[in-house]
């Protein structure tokens, strides 16, 4: 029985509550189960639970993109022919053959609204498709840069002039536009990729430019590992420019090692058995939660009055998939250990996260009184302490306590655009993540079906025109080295005849 059919048989209050929270069966608490069983009967509820607890792909809950890039040219303003700014995401040029869109981004400046150029690739799970897409973007950027002496550049004229050229034939004008050029087109960069939870810790080690600490195999496993390493004589992967990540992520990893040690000491209190370890999925999720806590924290005092442009700018590794969806990807017994009867995070886990991620600020305090103030601020202070606002916007604050964010995290990530429109771009892919292409895998390793989507900003610097494709190849190598050689995550499409998700 579908959820909608079940809700037709429950009281209006329970039905409205279920629809409002959009809680999946894996995330529901015991009170919800009890009320539902009384209303619809055990058999109907059982059928619903079987579908909800299944970890197979469901319609509307799968991939957004495997790897994609956004290259924004903030200094290249674009307007309509009448001089008005475009709305955010308005398409200007579309290249269906290679898979990208030249669009506009919108900002609120002191003089009013303004829009600028942004190159946005499609989702690509194939390296050649990805590189061809970025290469085509680069060619169009080169044409724009060559016309920098024209002010404005009339976009339709630019495409007509080069209309017979092989490099511009795939470009289709979507909106007439005038572009105010600069001499150079140096974009700010966002790379979006699907990363399985079990690979998140590896991601942070790569961003910190550190060697990941792994348990050394023994016996036959050690021999097999040595044979694999000796037979695999691959050229070293070219490293990205990750200088902006190294220090903060390195500090995170140092704290997370302490958190893992504390976990060993508190296993029983946290609902684990004496010798039980965290799964790779829970370890990755925990590292990402600690990263969010550290990235957003600002000590009490004047720095909290500084104005930042966007809340999401605090998180160079941004979760596009909400955290509550990530919780659905950890093993059931771990989810049970973390949640209380209402589906919220248990106090012992909240304390483990807050002490582990931010406890160093308590120890740095001068005396007992200051330490108590800092601890109170860590637990009950604002999750995003600073002020925010675009250059032409009045400053605002995000009213969300750190403890409230953590407490609700297993069922509802409150740090998302859905919960607050000011949190633009945060957790916007509700229920979506990458799905594994099993046919492309040649490995004995047990792989995760889903990969939440993350956005890495400012990674690998700003490529100059003419080098975008080689820049993109470095990004792809980084991605493949992280998720596994030859492993692909791809966008599924709905097969209406079979009513299931298949791969294109």
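Enter the Cα centre distance for the pair the range 470-485 and the range 75-128, rounded to the nearest angstrom. One Cα centre to the other: 26 Å. As a rough guide to protection, the peptides 91-100, 376-385 ranked by mean Cβ packing within 10 Å, highest first, stand as 91-100, 376-385.
Once the Kirkwood radius over Cα pairs is known for the range 70-189, the Stokes-Einstein relation at 4 °C and 1.567 mPa s delivers a diffusion coefficient of 90 µm²/s.
The convex hull around the C-alpha trace of the range 234-344, projected and averaged over every direction, spans 10.8 square nanometres.
If R0 is 22 Å, the Cβ-Cβ spacing of residue 367 and residue 304 corresponds to a FRET efficiency of close to 0.50. Per the Kirkwood formula on distinct C-alpha pairs, the Rh of the range 372-416 is how many angstrom? So the Kirkwood estimate lands at 11.7 Å. Summarised as an ellipsoid, the range 314-405 has semi-axes of 26, 23, 12 Å, derived from the eigenvalues of the Cα gyration tensor scaled by 5 and square-rooted, with the largest first.
Computed on the range 70-189, with alpha-carbon pairs under 8 angstrom and 6+ residues apart, the relative contact order is 35 percent.
Here the simple spin-label model places points 7 Å from the Cα toward Cβ, and for residue 80 and residue 399 these points are separated by 3.6 nm. Protection proxy ranking for 288-301, 388-401, using the average of other Cβ atoms within 10 Å per residue and placing the highest first: 288-301, 388-401.
Bear in mind these aren't lab numbers, they're just calculated from the coordinates by the rules spelled out. Because the structure is predicted, anything quoted here is derived from the model rather than measured. Cβ coordinates were reconstructed from backbone atoms using ideal geometry, including for glycine residues, and neighbour counts include every protein chain displayed.
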